[in-house]
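Inspection log for the structure reproduced underneath, given as structure tokens.
What follows draws every value from the coordinates through simple rules; no lab data is involved. A quick note: this is a predicted structure, and the numbers were derived from the prediction, not measured. Heads up, the Cβs are rebuilt from the backbone with ideal geometry, glycines too, and the neighbour counts pull from every protein chain shown.
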Amino acid sequence: MTDKRDEYIIRLSGVEIGNHKYSMICDKAFFELTRLDEIEEGTIQVRIEMEKSAKMMSLQLHFEGDVTVVCDRCLDFLTFPLDFIDFLVVNFVSHIDESFENDDNIWQIHEKAHELDLTHFLYEAIELALPTQLIHSDDENGNPTCNPQMLRKLAELTSNKTEQTTEIDPRWNALEQLRIKN
Ligand SMILES: [Zn+2]
């Protein structure tokens, strides 16, 4: 696996005060690099508009593309389109305040720092944008659009489980009869 992290680092040396634009692609290699387990593959373009001043940088990041995940119910692949905007404010400080708790969207960086590594920010933003339940949506009649074969297998497993439970029940019946005899 090649280390592609350089792509997600903004070099700060020589960047003038003012507005700057960047574009990055989060692809399969990115998701492997960041070990975002849920995501099998995907291509997300991130367009960044950065405004740099003497004291801070503010970034607006537009994420657009799709990711492929495994459906939690039928285990087939499932593609999610993503299109959202996130923000990041980076304050330049002369010394890093250890007690400062880095907020997700507000960071501190040393004023002499040479680079801004966005890898962590990018994958957290994508992870948060995904729904908590990764399953195929229902169709307009409210029926699941999951792999029908897998749905049948799941239904069989569920009914087998119910049968097993009824098979255990006779023991309780026996206990019940003992209780009656006494
Ligand atoms: Zn499914």
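Odds and ends about this structure:
- With contacts taken as Cα pairs under 8 Å and at least 6 residues apart, the stretch 43-82 reaches a relative contact order of 35 percent.
- Qualifying chymotrypsin sites (Phe, Trp or Tyr not before Pro) for the stretch 28-67 [loop in DSSP, other Cβ within 10 Å: at most 13]: none
- Reciprocal mean inverse distance between Cα atoms of the stretch 35-104 - Kirkwood radius, Å: 15.0 Å
- Loop-located GluC sites (Glu not before Pro) in the stretch 1-76 (DSSP state other than H, G, I, E, B) with a sparse environment of at most 16 neighbouring Cβ atoms within 10 Å: Glu16, Glu38.
- Calculated on C-alpha atoms, the gyration radius of the stretch 5-129 divided by its Kirkwood radius gives an Rg/Rh of 1.02.
- Gain on full extension, evaluated as 0.36 nm per residue between Val15 and Thr68 minus their Cα-Cα distance, stands at 15.5 nm.
- Between Lys55 and Leu151, the contour length at 0.36 nm per residue exceeds the Cα-Cα span by 28.9 nm.
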